[in-house]
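Here is the structure we will look at, set down as C-alpha cells.
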Amino acid sequence: MTGDRLLRIRRALVFVLVALYVVAGIAGLFAGFDETRDTVLWVAFLCGGAALMLLGLLAAPSSGWLSAALVSIGAAAGGIALFWSIIVPVAAAAVVAMSFATARRASA
C-alpha cells in the first residue's frame, strides 16, 4: 500500500470515527444515565476523543509522531466508551496502527 493511499484511508477513518464519537457524545446528553457523573464521563471521553483526533490530523503536516500520539489517544478514549459495540474498538485500533505506520514512514 502506498503512503498516499494509507494517509487517505487513515484520514477518512478518522473523520468517520470523529463523527460517530460526536453523535454518540451528544446522544449521551439525552440518555437516561443514572448519575450526572456518568453523563459527564460519557461526553468527555467521546467529545474529547473526537477533539484530540481532529487536533492530531491538524498536527500531521508538522509532526508525524505528535499526530500519531494525539490520534491514538483520542481513538482509544472513544473506543473505551463504546467498547460494547465491538466494531468501534476495532476501527480505533486500525486508526492507531495506521497513525504510527504513517509517522514511521514520514520519519524515514
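The values are calculated or read from the model by the stated rules, or taken from the named source; none is laboratory data. Since we're looking at a predicted model, the values are computed, not measured. Here the Cβ positions follow ideal geometry from the backbone for every residue, glycine too, while neighbour counts run over all protein chains shown.
Tabulated results
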| read-out | value |
| --- | --- |
| Options GLY56, GLY32, GLY25; residue that is more than 18 Å from ARG104 (Cα to Cα) and either surrounded by 14 or more Cβ atoms within 10 Å (Cβ to Cβ) or among the basic types (Lys, Arg) (or both) | GLY25 |
| Sole residue being under 14 Å from ALA92 (Cα atoms), in contact (Cβ under 8 Å) with a residue 60 or more places away in the chain and either out of contact with any helix residue (DSSP H, G or I) (no Cβ under 6 Å at 6 or more places or on another chain) or not aromatic (Phe, Trp, Tyr) (or both), chosen from LEU52, LEU46, LEU6, LEU20 | LEU20 |
| Criterion violated by LEU66 - all others in (1) more than 12 Å from LEU13 (Cβ to Cβ); (2) touching a residue at least 12 places away in the same chain (Cβ under 8 Å) satisfied | (2) |
| Residue match in the range 31-49 (condition: among the aromatic types (Phe, Trp, Tyr), over 19 Å from ALA12 (Cα atoms) and at pLDDT 90 or above) | yes |
| Residues (among the hydrophobic types (A, V, I, L, M, F, W, C), without any contact (Cβ under 8 Å) to a residue 12 or more places away in the chain and closer than 18 Å to CYS47 by Cα) located in the range 69-108 | PHE83, TRP84 |
